[in-house]
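A.B. asks: Structure in structure tokens, see below.
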Amino acid sequence: ITHLAPLEEIRHKLGEELNKEVSVQILPHPRIPDVLLLPVDGPRPVKQLSSEVVVGAQCGSAVLRGAHVFVPGIVASPKYMKAGDAVSVLSDLEGRCTRGATSFQGNRVFVGNGVAQIDRSSIFCTAEPAKGIGVRMVEPLYQSPSFDGVLPNMAFLQNLPSVVVGHVLGPRPGERILDMCAAPGGKTCHIAALMRDQGEVVALERIRNKIDRIRQNAQMLHLRSIKVYCFNSTRAVSSSPTQGAEGPPFPPESFDRVLLDAPCSGLGQRPIMSCTWSLREICSYQPLQRKLFHAAVRLLKRGGVLVYSTCTVTLAENEEQIAWALETFPCLTLQPQEPHIGAQGMLGAGLSPKQLRLLQRFSPELSWDQTGTADPPLPCRADVDTIGFFIAKFLKN
Ligand code: SAM
């Protein structure tokens with residue numbers, strides 16, 4: 001929720017919009033003042049059909065969050081599929097299905113039933129790729145209101161741990177904040193909203209074609225304090241104090257707070273069944289995360305706050321990086337986090353029990369039975385039924 005209207009007003013408007021489709025409960029989070037919780041109902045008893053449409057994992061996740069299947073997400077369909085056919089939708093978890101296949105027996109997960117809106121020939125046999133809805137979902141396995149285009153300038157759909165990051169960073173109006181790995185800009189926008197759009201949020205992103213998404217999101221939410229640059233953050237520290245008045249590279253100690261939401265193996269966001277825990281893949285992120293850490297510490301003012309976060313669950317990218325950082329940068333100390341709604345850090349990287357208690361870890365694989373009841377109330381479920389995530393907060397002395 002942004003700073004543009006009070007929570008209750010947005011809750012009311014959201015209710016009006018979403019309840020046109022299905023009746024949904026919208027609840028404020030008990031501890032985070034700018035969060036509204038939307039429940040997901042499921043898994044519901046839906047019977048799988050013999051006609052199968054296979055979609056990419058990203059499309060499959062969108063369906064679980066209430067979307068229909070858009071044509072570009074379809075990778076395989078029955079040979080004679082016609083508009084109007086009833087089909088089951090399966091998500092290709094590992095991206096192994098060949099585009100244009102007529103069937104697929106690999107690692108896939110059923111996400112619900114729908115009605116094809118288009119013939120197979122218009123998906124795979126045209127020069128001009130088709131757009132629009134390919135399968136209209138009528139019996140999704142998980143029922144969730146579609147948030148597409150709903151109050152785009154007042155509310156923003158985010159995973160709970162991502163919102164926690166903004167609060168833990170604790171930006172204040174008038175400050176200068178650096179978001180080192182910013183696209184698509186969810187956390188950047190949250191930070192600017194927490195500052196009531198007063199001050200400056202510098203958003204850096206290395207990949208050029210992701211930059212527009214950050215700008216679009218900032219524009220949609222009327223956030224003018226965000227300055228976006230396409231830049232490699234490992235090189236964001238300038239050697240000359242006169243550089244950096246406008247854009248990167250910046251002189252050392254330019255920022256009041258720095259967010260390093262690091263590129264990572266993303267295992268917290270992948271369905272558990274699709275996790276091929278390749279050690280090589282996990283290890284490939286550690287050096288880049290450390291380079292980014294070096295730049296982060298140099299760019300942060302003394303007395304400033306650095307938050308390191310990842311959407312993964314490995315020790316190598318989380319607690320081991322924290323142990324390394326504390327040893328490498330004696331100026332850093334771990335700080336308590338507010339709010340702290342996740343679990344503490346994991347053993348195994350040589351951190352003390354006190355240090356582990358200062359870390360915040362969200363572990364979806366541990367959440368299934370944590371609440372002890374079959375159907376706990378939504379606010380309790382929301383804190384544990386999350387993506388895998390990790391947050392550490394440091395002060396630079
Ligand atoms: N903070 C984002 C949000 O909340 O929407 C998500 C960031 S995502 C975990 C990591 C991003 O870092 C990716 O978009 C990736 O392209 C970018 N990235 C990777 N290496 C980078 C570098 N050296 N400099 C700047 N950005 C980088």
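Each reported figure results from applying straightforward, stated rules to the coordinates on display, with no laboratory input. All of these numbers come straight from a predicted model, not from anything done at the bench. No Cβ is skipped: glycine too gets one built from the backbone with ideal geometry, and neighbour counts run over all protein chains shown.
A.B. asks: Direction-averaged shadow area of the convex hull around the Cα atoms of the chain, nm²? Walk me through the intermediate numbers first.
C.D. replies: Numbers: hull surface 82.4 nm².
Computed as one quarter of the Cα hull surface, the answer is 20.6 nm².
A.B. asks: Given contacts defined as C-alpha pairs under 8 Å and at least six residues apart, what's the relative contact order of the chain, whole-number percent?
C.D. replies: Relative CO of the chain lands at 13 percent.
A.B. asks: Quick one: what are the phi-derived ³J(HN,Hα) couplings along region 79-84, Karplus 6.51/-1.76/1.60 with θ = phi - 60°, whole Hz, x for glycine and proline?
C.D. replies: 3J(HN,Hα) across region 79-84, in whole Hz: 4, 10, 5, 10, 4, x.
A.B. asks: Next question, about the same structure. Go through 297, 344, 316 and say which Cα lies farthest out towards the positive end of the charge dipole of region 160-396; charges sit on Cβ, +1 for Lys and Arg, -1 for Asp and Glu.
C.D. replies: Going by the charge dipole, the pick is 297.
A.B. asks: Just how many pairs of Lys in region 160-396 have C-alpha atoms closer than 19 Å, counting pairs that are eight or more places apart or on different chains?
C.D. replies: Lysine pairs meeting the criterion: 11.
A.B. asks: For residue 79, list the lysines whose Cα falls under 25 Å from its own Cα; do not include residues on the same chain fewer than 8 positions away.
C.D. replies: 47, 131
A.B. asks: Express in whole angstrom the spacing between the alpha-carbon centres of region 70-94 and region 207-226.
C.D. replies: 33
A.B. asks: Given N residues in region 13-86, what is Rg(Cα) / (2.2 N^0.38 Å)?
C.D. replies: 1.47
A.B. asks: Mind putting a number on the dipole of the chain about its Cα centre? Charges go on the C-beta only, +1 for Lys and Arg and -1 for Asp and Glu, and I need it in Debye to the nearest 20.
C.D. replies: Working: 41 positive and 36 negative charges, 168 e Å.
Rounded to the nearest 20 debye, it is 800 debye.
A.B. asks: A further question follows. What order do you get for 254, 144, 284, 50 when you list them from fewest to most C-beta neighbours inside 10 Å? Can you show the working numbers first?
C.D. replies: Working: 254 23, 144 19, 284 12, 50 8.
By the 10 Å Cβ count, ascending, the order reads 50, 284, 144, 254.
A.B. asks: Could you tell me the convex hull volume per residue, in Å³, taken over the Cα atoms of region 52-140?
C.D. replies: With only Cα atoms used, region 52-140 gives 75 Å³ per residue.
A.B. asks: Now, a different point. Mean Kyte-Doolittle of at least -0.5 and a Cα length of 30 Å or more along the axis: which whole DSSP H helices of the chain meet both?
C.D. replies: Qualifying helices: 279-299.
A.B. asks: OK, next. Convert 20 °C to kelvin, take the viscosity as 1.002 mPa s, use the Kirkwood radius over C-alpha pairs of region 160-396 as Rh, and evaluate the Stokes-Einstein diffusion coefficient in µm²/s, rounded to a whole number.
C.D. replies: In µm²/s, the coefficient rounds to 118.
A.B. asks: Short version: what are the Cα gyration tensor semi-axes of region 55-104, square root of 5 times each eigenvalue, largest first, in whole Å?
C.D. replies: 17, 15, 8
A.B. asks: For region 339-352, take each phi angle, set θ = phi - 60°, evaluate the Karplus expression 6.51 cos²θ - 1.76 cosθ + 1.60, and give the result in whole Hz per residue in order, putting x for glycine and proline.
C.D. replies: x, 10, 10, x, 7, 8, x, 9, 5, x, 10, x, 7, 6
A.B. asks: When the chain is modelled as a GNM with alpha-carbon springs shorter than 10 Å, which of 321, 219, 289 fluctuates the most?
C.D. replies: Sorting by GNM fluctuation, first place goes to 219.
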